[in-house]
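First up is the structure itself, then whatever we jot down about it.
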Amino acid sequence: MRFQSISKAYGANCIFDGFDLEIETRSILSVVGPSGEGKTTLLQIAAGLVKPDGGSVIKEAEEEGSISYPFQEPRLLPHSTVFTNVELALRSFVSSRAERVSIVLHYLEMVGLSDSACLYPAQLSGGMRQRVAIARSFAHPAKLMLLDEPFQSLDIKLKVNLLKAFIGLWEESPRTTLFVTHDPKEAILLGDAVCCLGDPKKPLLYQKIDIPRKARNIGDQTLLALEASLVQALVSS
């Protein structure tokens, strides 16, 4: 997917001005940046929810079609079970009830919630609800995934566990993914590449990460240097 010469302003506030950015197919691009510098706007343009004032979004054939766009909050249906909350994402795409059941159970197992399928959201912890939302996002047969700070305001242990669950799901079913976060460590642990917004014309920083996701250790000197560069770009913008 490629953002080509994108321009977008809200009144006198120019968010993008001839902005270019490319995401390799079936990869994760992590996007960081200060508040108000266009992270959510970029997602909304990618989703077609916001029309740019100029430029275009060019998608590969395998990125066309439905989009998975989980929110910062899990947004589960309170009167539906864990199973039903995930299964609802499949009803428009998979006609066979047996096939839907198989898919739902598979993704619940992947996020460690097989034993919670019959529970309701009110019976779950915050982390469990977020895992249901992640399972639902991957069960949805989309080729493009847009994430807007899905791990915001979680404690470090829960965040690490959710990151591991996300990575396991994504590597089983890779899809072009735009991942927005305020956390440089999250960006580095998840992304095939990271970029920092803050200039309407171009990313302040763009860096590919060649270390395989499962081999990444945030104490690695290469990753620490990249984190320092991201922090510097954030505070300098």
Longest principal axis of the chain (C-alpha) makes with the long axis of helix 126-139 (C-alpha) an angle, in degrees to the nearest 10, of 90 degrees
Peptides ranked, highest mean first, by Cβ atoms within 10 Å: ranges 57-70, 185-198, 165-178: 185-198, 165-178, 57-70
Keeping every protein chain present and rolling a 1.4 Å probe, give me the accessible area per residue for the chain in Å². 47 Å²
Within region 39-60, what residues put their amide N at less than 14 Å from the label point 7 Å along the Cα-to-Cβ vector of Ser7? 52-56
May I ask you to order 214-226, 129-141, 97-109 by the average number of other C-beta atoms within 10 Å around their residues, highest value first? 129-141, 97-109, 214-226
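What Kirkwood Rh does region 138-185 have if only Cα atoms enter the pairwise 1/r average? Answer in Å.
Computed over region 138-185, the radius equals 11.6 Å.
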Please list, ordered by chain and number, the residues whose modelled amide H lies under 5 Å from the amide H of Lys8; skip anything fewer than 5 residues away on the same chain. Ile15, Phe16, Asp17, Gly18, Asp53
If one puts a single equal scatterer on every Cα of region 138-237 and applies the Debye formula without solvent, what log₁₀ I(q)/I(0) results at q = 0.19, 0.24 Å⁻¹? -1.03, -1.51
What do you get for the angle between helix 221-236 and the principal long axis of the chain? Use alpha-carbon atoms, 0 to 90 degrees, nearest ten. 60 degrees
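Relative contact order of region 154-207: what whole-number percent is it, with Cα pairs under 8 angstrom and at least 6 residues apart? The partial results should precede the final answer.
Working: 26 pairs, mean separation 10.4, N = 54.
Relative contact order of region 154-207: 19 percent.
What value in Å³ per residue do you get for the convex hull of the alpha-carbon atoms in region 33-100?
Details: hull volume 9.9 nm³, N = 68.
Looking at region 33-100, the number lands at 146 Å³ per residue.
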Which three extents, in angstrom, do the Cα atoms of the chain have along their principal axes, listed largest first? 49, 40, 30
Per-residue SASA entry for Met110, accessible area with 1.4 Å probe, Å² rounded to 10: 70 Å²
When the accessible area of the chain is computed with all protein chains present and a 1.4 Å probe, what percentage of it is carbon and sulfur? 52 percent
Solvent-accessible surface ranking, highest first, for Leu29, Leu49 at 1.4 angstrom: Leu49, Leu29
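The values are calculated or read from the model by the stated rules, or taken from the named source; none is laboratory data. Source: prediction; values computed, not measured. Using ideal geometry, Cβ is built from the backbone for each residue, glycine included, and neighbour counts are taken over all protein chains shown. The accessibility values were calculated without ligands, DNA or RNA, using every heavy atom of the protein model including side chains. Shrake-Rupley method; radii C 1.70, N 1.55, O 1.52, S 1.80 Å.
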